[in-house]
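A short write-up of the structure that comes next.
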Amino acid sequence: MAPNLPEKQWAMVIEKTGGPVDYKEIPVPKPGPDEVLVNIKYSGVCHTDLHAVNGDWPIPTKLPLVGGHEGAGVVVARGDLVTEVEIGDHAGIKWLNGSCLSCSFCMQGDEPLCPKALLSGYTVDGTFQQYAIGKAAHVARIPKEVPLDGVAPVLCAGITVFKGLKESGARPGETVAIVGAGGGLGSLACQYAKAMGLQVIAIDAGDEKKKMCMELGASAFCDFSSSENLVKDVQAATEDGTGPHAVLLVAVNEKPFQQAAEYVRPRGTVVAIGLPAGAFLKAPVFETVIGMKTIKGSYVGNRKDTTEALDFFKRGLINSPFKTIGMSELQKVYDMMQQGKIAGRYVVDTSK
Ligand SMILES: NC(=O)c1ccc[n+]([C@@H]2O[C@H](COP(=O)([O-])OP(=O)(O)OC[C@H]3O[C@@H](n4cnc5c(N)ncnc54)[C@H](O)[C@@H]3O)[C@@H](O)[C@H]2O)c1
Ligand SMILES: [Zn+2]
Ligand SMILES: [Zn+2]
């Protein structure tokens, strides 16, 4: 442990499921032998953090809990076994805090599927604190020339949509519908899709999100709140009217998970990423079979996806909007998120 580290730090903590989230002083954690301690400067706020507060999902969180899993900062201490990460390196703590690295999933680069995976801001404390712990093998290596506020949302939203687009099999020139395009994952998905040479149909609600999606490179916007027939509108937005080649579902609402298989093009792929509580996917068997459609899930990304997603950002290909707010005001972000009012991503500054 570096001698000049403080004993205490500021953090956002929930004591029980349902919140509230309190700004309080807690001890600075000490890294274990295979871990690093990162002085988090900025952390993005993902809808997953709100699911964790609300207890939406079938897996319980640890309690008390420090949420957050898009944390970007500077390595300030490391355990005795850590050789590949240096003090002073810029690093990111992402959703996958650690995995066993030796099970059959880890061995083939499917670390998110590891039965022993540690989840930041869920099963271990996350990044809504000034000093957070990550397994050295899993921390994201952030190039020094990259701004830590702007890169924070890449650490979950970016990696996840980048992986989802790869899983969709969509090729340059083809069309992808992004459902929930105005949110955190969606806004990054518009940019990654554009950078990959895909055409984007953005689906979300309201003029602010429409304007943002069009600026991010979408070629069409469908407003789910005012459309009388979304399936027809999405198909009509494609060149030959047969629907998009792929659909990325990043909305936090069950309805689009029951619609996407209807408007995806024959041979097309629906990729489910958003995790609305208690929701089910639905598809008409007849059209799915005779249209040879694929429906699949996609879950964050592995270490290689992380490096690649960060590299897109470093090359200046990803410029999704974010707003910065003091970490102590996290509850305000949750309130806006609950109401679907955030266009893009909020990033918290851990110094305030
Ligand atoms: N699979 C994964 O690996 C993974 C990773 C990160 C986040 N997630 C999940 O993805 C979801 C999205 O997270 P986020 O941070 O982008 O949330 P967000 O709140 O920023 O964005 C969600 C967007 O969906 C839009 N929306 C709501 N209903 C819709 C509908 N019927 N049609 C189209 N759009 C609709 C909202 O207006 C909003 O813009 C969350 O459930 C989160 O837990 C999954
Ligand atoms: Zn996330
Ligand atoms: Zn494993």
Checklist entry - Any idea what the dipole of the range 158-297 comes to, in debye rounded to 20, about its Cα centre with Lys/Arg Cβ at +1 and Asp/Glu Cβ at -1? => result 460 debye
Checklist entry - Mind checking which aspartates and glutamates have their C-alpha under 14 Å from Lys209, skipping anything on the same chain fewer than 8 residues away? => result Asp223
Checklist entry - So which trypsin sites (Lys or Arg not before Pro) in the range 109-185 are both in a DSSP loop and have at most 12 other Cβ atoms within 10 Å of their Cβ? => result Lys116, Lys144
Checklist outcome for this item: Between Gln338 and Ser226, the two model label points (7 Å from Cα along the beta-carbon direction) sit apart by a distance in nm of 2.8 nm
Next on the checklist: To the nearest 20 Debye, how big is the dipole of the chain about its Cα centre, given +1 on the beta carbon of each Lys and Arg and -1 on that of each Asp and Glu?
Outcome noted: 240 debye
Checklist entry - Which one of Thr238, Gln258, Met196 has its Cα pushed farthest toward the positive end of the charge dipole of the range 158-297, where Lys and Arg give +1 and Asp and Glu give -1 at the Cβ? => result Met196
Checklist entry - If you line up the long axis of helix 157-168 against the longest principal axis of the chain, both from Cα atoms, how many degrees apart are they, to the nearest 10? => result 40 degrees
Next on the checklist: Rounded, prolate or oblate for the range 1-141? Axes are the square roots of the Cα gyration tensor eigenvalues, ordered a ≥ b ≥ c, and the cut-off for rounded is a/c under 1.5.
Outcome noted: oblate
Checklist outcome for this item: Computed D for the chain, Stokes-Einstein, Kirkwood radius over alpha-carbon pairs, 25 °C, 0.890 mPa s, to the nearest µm² per second, is 120 µm²/s
Item to check | Semi-axes of the equivalent ellipsoid for the range 188-258, Cα gyration tensor, largest first, Å | outcome: 17, 15, 12
Next on the checklist: Please compare each pair in Lys232/Lys304; Lys94/Lys282; Lys8/Lys314; Lys135/Lys304 to a cut-off of 26 Å on the Cα-Cα distance and tell me which ones are over it.
Outcome noted: Lys232/Lys304; Lys94/Lys282; Lys8/Lys314
Next on the checklist: Can you pull out the trypsin sites (Lys or Arg not before Pro) in the range 212-285 whose DSSP state is coil and whose Cβ has at most 15 other Cβ atoms within 10 Å?
Outcome noted: Arg267, Lys282
Next on the checklist: What are the equivalent ellipsoid semi-axes of the range 158-297, built from the alpha-carbon gyration tensor (square roots of five times its eigenvalues), in whole angstrom, biggest first?
Outcome noted: 19, 16, 15
Checklist entry - Using +1 on the beta carbon of Lys and Arg, -1 on that of Asp and Glu, and nothing else charged, what's the dipole of the range 1-117 about the Cα centre, debye to 20? => result 260 debye
Next on the checklist: Taking 0.36 nm per residue of sequence separation and subtracting the Cα-Cα distance, how much length would be gained by fully extending the chain between Asp80 and Leu281, in nm to one decimal?
Outcome noted: 67.7 nm
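FYI, it's all coordinate maths here, none of it is from the lab. Quick caveat: nothing in here was measured; it's all calculated off a predicted structure. Counting neighbours? That spans all protein chains shown, and the Cβs are built from the backbone with ideal geometry, glycine included.
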